[in-house]
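Bear in mind that the values in this text are calculations on the coordinates, not laboratory data. For clarity, every value in this text was computed on a predicted model and none was experimentally measured. For neighbour counting, all protein chains shown are included, and Cβ atoms are generated from backbone atoms with ideal geometry for every residue, glycine included.
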Amino acid sequence: MTVVRRAAVEDAEVLGRLLWDFNTEFDTETDDAEVLAGRFARLLGLDGVLAVLAEDTSDLAVGFALVTLRPAIWYDGPVAQLEELYVVPALRSRGVGTRILALCRDLARDLGSPEMHINVDEVDTDTRRFYERHGFATIEEGSEHRMLCYVGPTA
């Protein structure tokens with residue numbers, strides 16, 4: 001049985017390793033796991049940042065998610081942004097990702113967020129199907145147009 005829980009600053013090393021695994025699995029340029037762990041340690045000490053960790057029965061980490069909250073003008077609560085969600089390959093399609101996402105949504109809702117945003121690469125059809133199966137969409141209710149995310153430098 002996999003246990004899914006809110007991560008603490010003390011979990012930063014494990015989270016850094018999982019994010020490194022995620023990035024290297026998909027050939028994404030990444031910093032070393034130690035650098036990522038340091039960032040997790042710093043971020044998890046901030047208000048509006050939370051992580052979720054999934055562990056198997058032997059306490060081996062098998063997945064995680066990172067969520068940030070930011071102020072919103074559209075309503076009183078913050079907007080939740082699912083920054084990362086990863087499950088080790090051997091446990092995919094077994095409900096671990098669903099349980100991680102469910103806890104992220106519960107925690108965000110408990111912190112006053114009525115909405116969660118997620119960015120997904122267009123070519124990543126499996127991930128897109130996963131989020132669509134859980135009620136996420138690229139077309140906002142009442143609209144006929146897809147939402148897009150633009151990425152660019154700040155300078």
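A few remarks follow.
- Assigned charges on the beta-carbon of Lys, Arg, Asp, Glu; the chain dipole about Cα centre (debye): 440 debye
- For region 17-91, the set of chymotrypsin sites (Phe, Trp or Tyr not before Pro) satisfying both a DSSP loop assignment and a count of at most 15 other C-beta atoms within 10 Å is given as F26, W74, Y75.
- Along region 20-29 the Karplus relation, 6.51 cos²θ - 1.76 cosθ + 1.60 evaluated at θ = phi - 60°, assigns HN-Hα couplings of 4, 4, 4, 5, 6, 4, 9, 6, 9, 4 Hz to successive residues, with x for each Gly and Pro.
- Here the 3J(HN,Hα) profile of region 76-93, calculated from phi with Karplus coefficients 6.51, -1.76 and 1.60 at θ = phi - 60°, is 6, x, x, 8, 8, 10, 7, 7, 8, 8, 9, 10, 4, x, 5, 10, 6, 6 Hz, Gly and Pro shown as x.
- Taken over the C-alpha atoms, the chain has Rg and Dmax values of 15.7, 48 angstrom.
- Antiparallel bridge percentage (DSSP; both residues within region 3-119; nearest 5): 85 percent
- Residues with amide H under 5 Å from that of H117, placed H, sequence gap 5 or more: A80, Q81, L82
- For region 123-152, GluC sites (Glu not before Pro) meeting the loop criterion (DSSP other than H, G, I, E, B) and having at most 16 other Cβ atoms within 10 Å: E140, E141, E144.
- Projected label distance in nm at R70 and E25, using a 7 Å step from Cα toward the beta-carbon: 2.6 nm
- Counted residue by residue at 0.36 nm each, then reduced by the alpha carbon distance between them, the extension gain from R92 to E141 reaches 14.7 nm.
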